[in-house]
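Working notes for the structure below.
The values are calculated or read from the model by the stated rules, or taken from the named source; none is laboratory data. This one's a predicted model, so the numbers in the text were calculated from it and none came from an experiment. Using ideal geometry, Cβ is built from the backbone for each residue, glycine included, and neighbour counts are taken over all protein chains shown.
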């Protein structure tokens, strides 16, 4: 029999939430779409920052303001700033903490705190982009972990050095890919490949949370904390991610903001010293001894200089007779911390005088017995340069002041002249003979030497061209003579301004007290020296006496009252008008200052906007003097060098202050790396060099014959290098037509026009041939026919056609009748019209002045979508039943496909359902399952569809189980047991008994059947059998 079951379907809705990151910015700057996707992916995965072994997972809640050692600023309010870098193994480093004090509102931001700390702590440096609409972006943080002063970053040959702790890269968000100059420093930087997470908390007991604004917009409150966390993989950073170990940044000295004063000090009583005057006017005395316990300088130190982040202090002897500690003739210290790096009690048996950094690898030591090489990298004293010794003992052949210009070093040798040394080979090139006192380089790059030789009736100032070695004398009045100090050598009171082309010197001879400072304007050949400052009391200048700050152009002059007085002071003077700006009194002592030394806080900068790409035909020279600069060193003292990828293409030299290039006869492009060394700090840039020739056209443009509406392209090919193109139409310039190819959409009015191109570079130009443009119409040609459409009733239909021929006109037809307004290449039918029009035949006629062409006819068929009106129902059946599942649907041209997924038989634990599979042949609205078996149990559904739609029925369950009994008409139970049976069955009712197989074959009968009689079925074929008793039937299973 057939059974059609009705069953109710229960629908279960499952609601779930997706956790997404709420932060859409980093440091207040928007994420890019790619970065936001990466962030959300990582954060959904719950990625946490990697902890060091044994680390406690929470920020420190006991490290308070009293735990901070390094404080910056002043005021009644205070905040803390921490930075968490990464260790080499990728784990998080301890949080390093600084303190910040402020008073007014403008100082109370996260940015101001970061800048103030970086400026004060020379170990901390910040890669930062400022002045965006979102405030500053902090792209990297570094820390001089080994305190060696080698602070900076490099990328692609470009070095960055901090200015007041800040490194400013070119371009927007240029934070990725920078590497340390010193690999031992802490560093983390990036923006697109990881970034610095900015965290804040209200006080030291609170939890850190991400800041929703950047450092510029962050308003500090008294007692608050800022924290910068290295986040290389866009991890989810929370308070528990932060290392619980907090450490206080030590209050290390910072000798970068002020002026050093090298002192001969009290001869016969103690070794020499160095004092430091901060920009705020505070003195720190004997800083070398202070920062290096148990170490001292030598006796009578006359000279100090800073080069490449190191301070070189030269003493005449290694120990004063009254000192208890042996010092050195040369001491090398970190220029920021003054921590000693190397000390040399002896220099080839000679007394120390001066030092010059020649390049990043080599220095020269001036002594009483010649010039000795110094290995800057390995900090070792080398051999003496041959030919640099004087004659007559330590006070007749001394080497005094030295300086480098271009590839030459100029050094004054007492009683002999000025030594000219090749700085590339460290060999003596020549000597400018004469008796000179000292030398300086002026702003314009010339070398000036003072001399005691009398010319006419005055003293002589000698101008030396550092490249040609030509000299020119300038006579000075007797009262304005420039002193020398060979008897008791000092660096002399003779120097130049970086800001103006002016020389300065003090009057009187040697190391005796002086009262006046003269200046001479070098830009005016007729100018006379004038007194810019004069002491009118009992104070005078000692030793070299003064130097001029390269940044401020202020004179710092050491004053004393006399050899028997311990009164000393420094005065700051405006170098332009001589006004005394400030006085700094010193503690009482016989300091005998030798010379001031200014810190080197800036590095060289190459202006790529003036260089970029170099194209040339003939020999060319590029002046570099205004393209490479240094804020606190002489631009003309910057040493330039280069390397060329392809030296066979171009010959490159640096002559004077210019880069000269000469073609070797081959056209082409190569890369030139230009390097600059300014006082030991390096920077480089890579330039594209293009060797060119006058352009030559190798392929002329050709005439164009093009159908109206199609694209015409004119092309020219030329050689010569670095070419520029400009196309013309009828001799009129075409805007934006500046490539070797020019394309336009053809119009009928273009017919007869003439086009040509001018090709040029810096070597010249050439004009192409003029070519004719023919524009024409043709009988329309249909290149893409419309296609037939089948659409749903509420859909949108669109026919289109593609044709060529020029000035085309279109008219669409339905069933051969023109459609009003359908006059373009595309005809669209909205769904309202579609319901009215239903089916039809369409075509398009294309015309122009040359002819007519009709398209193929296509059809539009509108179908009703498939809609299920009656869903199939679930149910159960007994093995052997015939089962039917049905679905009722409406729509046009419907097709059906039934699907089944297996479910477990009754009594067996349900596993995950299997995927639905189509049932072969089940392509009607009803699915019939005759003689259902347990294997037919499962979940069924039907997909009904046509060309415009598809709809899936509800999924319903069918359970087919084994029969257990039969109820007769009198409701009495007739049982066949056991059921299923293997060997024997017993029938419970009296009467005539017949048993049939599932195929209808009688396999047993008994007319004298007695209830309870057993029947042996062990030999029967396994399957379903039907027992018939008195016209009643029941099924049982043999297995």
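Residue 427 is checked against (1) assigned by TED's automatic domain parsing to the domain that holds residue 546; (2) over 25 Å from residue 506 (Cα atoms) and fails just one. What number does that condition carry?
Going through (1) assigned by TED's automatic domain parsing to the domain that holds residue 546; (2) over 25 Å from residue 506 (Cα atoms) one by one, residue 427 breaks only (1).
Would you pick out the residues in the range 373-414 that are touching a residue at least 60 places away in the same chain (Cβ under 8 Å) and under 18 Å from residue 488 (Cα atoms)?
Matches in the range 373-414: 395, 398, 400, 401, 414.
Please state which one of 164, 176, 184 is touching a helix residue (DSSP H, G or I) at 6+ places or on another chain (Cβ under 8 Å) and surrounded by fewer than 17 Cβ atoms within 10 Å (Cβ to Cβ).
Matching residue, one of 164, 176, 184: 164.
State yes or no: is residue 294 surrounded by fewer than 16 Cβ atoms within 10 Å (Cβ to Cβ), free of Cβ contacts under 8 Å to residues at least 60 places away in the same chain, assigned to a loop (DSSP other than H, G, I, E, B) and not assigned by TED's automatic domain parsing to the domain that holds residue 105?
Spelling it out, residue 294 is indeed surrounded by fewer than 16 Cβ atoms within 10 Å (Cβ to Cβ), free of Cβ contacts under 8 Å to residues at least 60 places away in the same chain, assigned to a loop (DSSP other than H, G, I, E, B) and not assigned by TED's automatic domain parsing to the domain that holds residue 105.
What are the residues in the range 147-161 that are under 23 Å from residue 249 (Cβ atoms) and surrounded by fewer than 19 Cβ atoms within 10 Å (Cβ to Cβ), if any?
147, 148, 150
Of the residues 985, 1017, 976, which single one is surrounded by 14 or more Cβ atoms within 10 Å (Cβ to Cβ) and at pLDDT below 75?
976
Would you pick out the residues in the range 89-106 that are part of a loop (DSSP other than H, G, I, E, B) and either under 20 Å from residue 238 (Cβ atoms) or modelled with pLDDT under 90 (or both)?
Hits for the range 89-106 are 89, 90, 91, 93, 94.
Kindly indicate whether residue 883 is within 30 Å of residue 1024 (Cα to Cα), part of a strand (DSSP E or B) and either outside the structural domain of residue 957 (by TED's automatic domain parsing) or touching a helix residue (DSSP H, G or I) at 6+ places or on another chain (Cβ under 8 Å) (or both).
In short, yes.
Scanning for something more than 25 Å from residue 368 (Cα to Cα) and touching a helix residue (DSSP H, G or I) at 6+ places or on another chain (Cβ under 8 Å), does the range 508-520 turn up at least one residue?
yes
Return yes when residue 608 is surrounded by 14 or more Cβ atoms within 10 Å (Cβ to Cβ), out of contact with any helix residue (DSSP H, G or I) (no Cβ under 6 Å at 6 or more places or on another chain) and not assigned by TED's automatic domain parsing to the domain that holds residue 484 and no when it is not.
yes
Which members of the range 201-221 meet the condition of being over 13 Å from residue 111 (Cβ atoms) and modelled with pLDDT of 95 or more?
Hit for the range 201-221 is 221, nothing else.
State the number of residues belonging to the range 415-438 that are surrounded by 15 or more Cβ atoms within 10 Å (Cβ to Cβ), without any contact (Cβ under 8 Å) to a residue 40 or more places away in the chain and over 19 Å from residue 450 (Cβ atoms).
So the count comes out to 1.
Identify all residues within the range 886-915 that are modelled with pLDDT of 85 or more and either under 57 Å from the mean Cα position of the chain (by Cα) or outside any loop (DSSP other than H, G, I, E, B) (or both); write none if there are none.
Once the filter is applied, which keeps residues that are modelled with pLDDT of 85 or more and either under 57 Å from the mean Cα position of the chain (by Cα) or outside any loop (DSSP other than H, G, I, E, B) (or both), the range 886-915 yields 886, 888, 889, 890, 895, 896, 897, 898, 899, 900, 901.
Step by step: first the residues of the range 355-367, then only those that are buried (at least 19 other Cβ atoms within 10 Å of the Cβ) and touching a residue at least 40 places away in the same chain (Cβ under 8 Å), then the one that is farthest from residue 307 (Cα to Cα). Which residue is that?
Ranking the qualifying residues of the range 355-367, first place goes to 366.
Can you go through 542, 556 and tell me which one is under 25 Å from residue 400 (Cα atoms), part of a strand (DSSP E or B), modelled with pLDDT of 95 or more and touching a strand residue (DSSP E or B) at 6+ places or on another chain (Cβ under 7 Å)?
Just one listed residue meets the conditions, 556.
Just for strands (runs of 3 or more DSSP E) wholly inside the range 655-774: which have at least 1 residues that are in contact with a strand residue (DSSP E or B) (Cβ under 6 Å, 6 or more places away or on another chain), within 30 Å of residue 153 (Cβ to Cβ) and outside the structural domain of residue 157 (by TED's automatic domain parsing)?
The strands (runs of 3 or more DSSP E) meeting that bar are 658-663, 668-678, 681-691.
Working only within the range 75-85, note down all residues that are surrounded by fewer than 20 Cβ atoms within 10 Å (Cβ to Cβ) and part of a strand (DSSP E or B).
Within the range 75-85, 77, 78 meet the criteria.
Is it the case that residue 626 is surrounded by 15 or more Cβ atoms within 10 Å (Cβ to Cβ) and not assigned by TED's automatic domain parsing to the domain that holds residue 153?
The answer is no for residue 626.
Residue check: is residue 600 within 30 Å of the chain's Cα centre (by Cα), outside any strand (DSSP E or B) and crowded, with 22+ Cβ neighbours inside 10 Å?
yes
Would you be able to tell me the number of residues in the range 850-872 that are in contact with a strand residue (DSSP E or B) (Cβ under 6 Å, 6 or more places away or on another chain) and either surrounded by 16 or more Cβ atoms within 10 Å (Cβ to Cβ) or in a strand (DSSP E or B) (or both)?
Summing the residues that are in contact with a strand residue (DSSP E or B) (Cβ under 6 Å, 6 or more places away or on another chain) and either surrounded by 16 or more Cβ atoms within 10 Å (Cβ to Cβ) or in a strand (DSSP E or B) (or both) in the range 850-872 gives 16.
Checking the structure you have, find out if any residue of the range 45-63 is crowded, with 16+ Cβ neighbours inside 10 Å, under 23 Å from the mean Cα position of the chain (by Cα), modelled with pLDDT of 75 or more and assigned to a loop (DSSP other than H, G, I, E, B).
No, every residue in the range 45-63 fails to be crowded, with 16+ Cβ neighbours inside 10 Å, under 23 Å from the mean Cα position of the chain (by Cα), modelled with pLDDT of 75 or more and assigned to a loop (DSSP other than H, G, I, E, B).
How many residues are surrounded by 18 or more Cβ atoms within 10 Å (Cβ to Cβ) and either out of contact with any strand residue (DSSP E or B) (no Cβ under 8 Å at 6 or more places or on another chain) or part of a strand (DSSP E or B) (or both) when one looks only at the range 796-810?
Looking only at that region, the number is 4.
All but one of (1) without any contact (Cβ under 8 Å) to a residue 24 or more places away in the chain; (2) closer than 20 Å to residue 80 by Cα hold for residue 133, so report the exception by its number.
All conditions are met except number (2).
Between 787, 767, 779, which is at pLDDT 90 or above and over 24 Å from residue 848 (Cα atoms)?
767
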